[in-house]
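**Q** Handing you this structure, nothing more for now.
The values are calculated or read from the model by the stated rules, or taken from the named source; none is laboratory data. All values derive from a computational prediction rather than experimental measurement. Cβ placement follows ideal geometry from the backbone for every residue including glycine, while neighbour counts extend to all protein chains displayed.
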There are 2 protein chains.
Amino acid sequence: MPRIVAEKSDVVAAIAEVFREHGYEGASLSQITATTGFGKGSLYHFFPGGKEDMATHILAHIDHWFETEIFAPLRTGDAATAIARMMRSVETYFQSGNRICLVGAFALTGTRDRFATPIAGYFRRWISALEGALHRTGLNQPQASQRAETAVLAIQGALVLARALNDAAVFTRALHQIEADLLRRDPQS
Amino acid sequence: MPRIVAEKSDVVAAIAEVFREHGYEGASLSQITATTGFGKGSLYHFFPGGKEDMATHILAHIDHWFETEIFAPLRTGDAATAIARMMRSVETYFQSGNRICLVGAFALTGTRDRFATPIAGYFRRWISALEGALHRTGLNQPQASQRAETAVLAIQGALVLARALNDAAVFTRALHQIEADLLRRDPQS
DNA sequence: GTCTATAAAGCGATAGAC
DNA sequence: GTCTATCGCTTTATAGAC
């Protein structure tokens with residue numbers, strides 16, 4: 001049954017892009033109203049806590065997407081398949097390097113202190129889920145742990161560099177190398 | 001001969017830390033005056049263009065430091081020595097992961113568009129200088145290019161992840177692996 | 001070169017009509 | 001649930017005394 005009025009989840013996704021583009025401090029309510037088409041009345045109806053409330057819901061929304069699409073499959077599915085799927089999902093989600101990671105961006109400024117728990121949790125669970133999958137492929141625990149951390153870190157770095165150079169190909173290249181490194185069978189870590 | 005009054009370079013270094021902590025949008029003039037001790041009168045005396053002027057000088061200051069301490073040695077010195085020195089300088093500069101890269105942070109938000117040229121130039125010259133050094137160690141051009149990009153990207157990612165997890169050890173671990181990967185002699189890229 | 005006072009604009013947030 | 005009007009505050013930036 002179609003709805004006339006907006007739903008919170010629609011609003012969250014729309015606002016997320018404004019935060020992604022300007023950062024937490026840089027995203028003003030007037031930009032949000034202009035870009036999303038929602039007036040301040042609607043915004044404060046959905047998010048009584050204002051800007052911080054919006055960001056909290058956006059982080060939860062992002063976390064839920066990654067949890068469902070990436071972390072959970074890494075934990076339970078066939079390890080190699082889940083890792084390959086992770087790489088494809090990451091490429092799609094970050095639009096081949098044209099979209100940044102909001103969680104990573106929040107981490108780099110004073111915004112981190114405001115949202116320290118969800119930010120740390122997102123990366124911790126990503127690394128942990130990937131580590132588990134790598135362990136199931138036969139790697140020992142320290143190797144799996146190190147490789148997982150390196151892969152997640154490299155994805156973040158690739159997003160930074162792709163945007164700094166305004167060259168999405170940097171991201172695509174990095175993803176291919178990350179995948180090869182993850183599945184490598186030689187003795188090094 | 002000692003000076004009583006402040007010099008522009010002193011002011012730049014002090015302001016840089018405020019931008020580093022809060023990002024471009026998040027750093028307010030009142031925070032800058034509070035942290036640095038310079039009043040608005042002094043600030044606008046040194047930087048008539050205001051906040052954007054300050055950020056421009058800060059980026060130039062950072063660029064100059066890297067140019068002198070890291071890029072130039074990579075271009076002319078003994079390759080292996082210069083690379084090892086780069087890793088040490090990077091560890092010191094970023095305070096073992098407790099200090100972020102302002103250029104990378106600027107790249108992630110709308111601030112990038114304002115400073116696109118210095119941001120891209122910083123990373124382009126870093127990668128290019130490192131690529132040259134790797135080439136001189138015997139790697140062919142594509143290998144050197146790929147490894148240089150991967151290393152710079154990994155440094156940025158390590159800074160993001162270390163700050164997200166509030167765990168500087170992530171950065172230290174990553175630096176060791178990056179150095180090993182850079183100097184590796186096996187056939188893979 | 002540094003200060004204080006102040007202007008003009010934009011900010012996040014609220015109130016109340018509909 | 002959405003709108004407009006508005007509050008109080010902070011922002012960047014300027015002016016002018018010292």
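**Q** Go through the stretch B:161-186 and give me each residue that's touching a residue at least 60 places away in the same chain (Cβ under 8 Å) and surrounded by 19 or more Cβ atoms within 10 Å (Cβ to Cβ).
**A** Result: B:Ala162, B:Arg163, B:Val170, B:Phe171, B:Leu175, B:Ile178, B:Leu182.
**Q** Given the conditions (1) within 14 Å of DNA strand C (Cβ to nearest atom); (2) closer than 24 Å to A:Ser28 by Cβ, report the number of the one that B:His45 does not fulfil.
**A** (2)
**Q** Against the definition (at the interface with chain A (Cβ under 10 Å from one of its Cβ atoms) and among the basic types (Lys, Arg)), how does B:Arg185 come out, yes or no? Even if it seems obvious, please write down each step before you answer.
**A** Numbers: at the interface with chain A (Cβ under 10 Å from one of its Cβ atoms): no; among the basic types (Lys, Arg): yes.
So B:Arg185 fails the test.
**Q** Can you confirm whether the stretch A:99-107 contains a residue that is within 13 Å of another protein chain (Cβ to nearest Cβ) and without any contact (Cβ under 8 Å) to a residue 40 or more places away in the chain?
**A** Our first condition is that a residue be within 13 Å of another protein chain (Cβ to nearest Cβ); within the stretch A:99-107, this holds for A:99-107.
With without any contact (Cβ under 8 Å) to a residue 40 or more places away in the chain added as a condition, the list becomes A:107.
Scanning the stretch A:99-107 turns up at least one residue that is within 13 Å of another protein chain (Cβ to nearest Cβ) and without any contact (Cβ under 8 Å) to a residue 40 or more places away in the chain.
**Q** Go through the stretch A:111-137 and count every residue that is at the interface with another protein chain (Cβ under 9 Å from one of its Cβ atoms) and surrounded by fewer than 17 Cβ atoms within 10 Å (Cβ to Cβ).
**A** Taking the stretch A:111-137 and keeping what is at the interface with another protein chain (Cβ under 9 Å from one of its Cβ atoms), we get A:111-112, A:116, A:119-120, A:122-124, A:127.
Filter once more, so that each one left must be surrounded by fewer than 17 Cβ atoms within 10 Å (Cβ to Cβ): A:116, A:124.
Adding up the residues that qualify gives 2.
**Q** Of all residues in the stretch A:17-65 being aliphatic (A, V, I, L, M) and within 13 Å of DNA strand D (Cβ to nearest atom), which is surrounded by the fewest Cβ atoms within 10 Å (Cβ to Cβ)? Before you say what the answer is, go through the steps one by one.
**A** Let us first name the residues in the stretch A:17-65 that are aliphatic (A, V, I, L, M), namely A:18, A:27, A:29, A:32, A:34, A:43, A:54-55, A:58-60, A:62.
Within this subset, residues satisfying the condition of being within 13 Å of DNA strand D (Cβ to nearest atom) are A:29, A:32, A:34, A:43.
Numbers: A:Leu29: 14, A:Ile32: 22, A:Ala34: 11, A:Leu43: 20.
Only one residue tops the list, namely A:Ala34.
**Q** Here's another thing I want to ask about it. Suppose we filter B:Ala148, B:Ala154 for residues that are surrounded by 18 or more Cβ atoms within 10 Å (Cβ to Cβ), more than 10 Å from chain A (Cβ to nearest Cβ), within 19 Å of the chain's Cα centre (by Cα) and in a helix (DSSP H, G or I); which single one remains? Write out each step before concluding.
**A** Details: B:Ala154 fails: more than 10 Å from chain A (Cβ to nearest Cβ).
Unique residue meeting the criteria: B:Ala148.
**Q** Considering only the stretch A:77-87, I want to know if a residue exists there that is within 16 Å of DNA strand D (Cβ to nearest atom), more than 14 Å from chain B (Cβ to nearest Cβ) and touching a residue at least 40 places away in the same chain (Cβ under 8 Å).
**A** Of all residues in the stretch A:77-87, those within 16 Å of DNA strand D (Cβ to nearest atom) come to none.
No, the stretch A:77-87 contains no residue that is within 16 Å of DNA strand D (Cβ to nearest atom), more than 14 Å from chain B (Cβ to nearest Cβ) and touching a residue at least 40 places away in the same chain (Cβ under 8 Å).
**Q** Which of the following residues is of a type in the set (Gly, Ala, Ser) and modelled with pLDDT under 95: B:Gly138, B:Gly50, B:Gly97, B:Gly77?
**A** Details: B:Gly138 fails: modelled with pLDDT under 95; B:Gly50 fails: modelled with pLDDT under 95; B:Gly97 fails: modelled with pLDDT under 95.
Within the list B:Gly138, B:Gly50, B:Gly97, B:Gly77, the selection yields B:Gly77.
**Q** On the basis of being without any contact (Cβ under 8 Å) to a residue 60 or more places away in the chain, on the phi > 0 side of the Ramachandran plot and within 14 Å of DNA strand C (Cβ to nearest atom), does B:Gly26 make the cut? Before you say what the answer is, go through the steps one by one.
**A** Details: without any contact (Cβ under 8 Å) to a residue 60 or more places away in the chain: yes; on the phi > 0 side of the Ramachandran plot: no; within 14 Å of DNA strand C (Cβ to nearest atom): yes.
So B:Gly26 fails the test.
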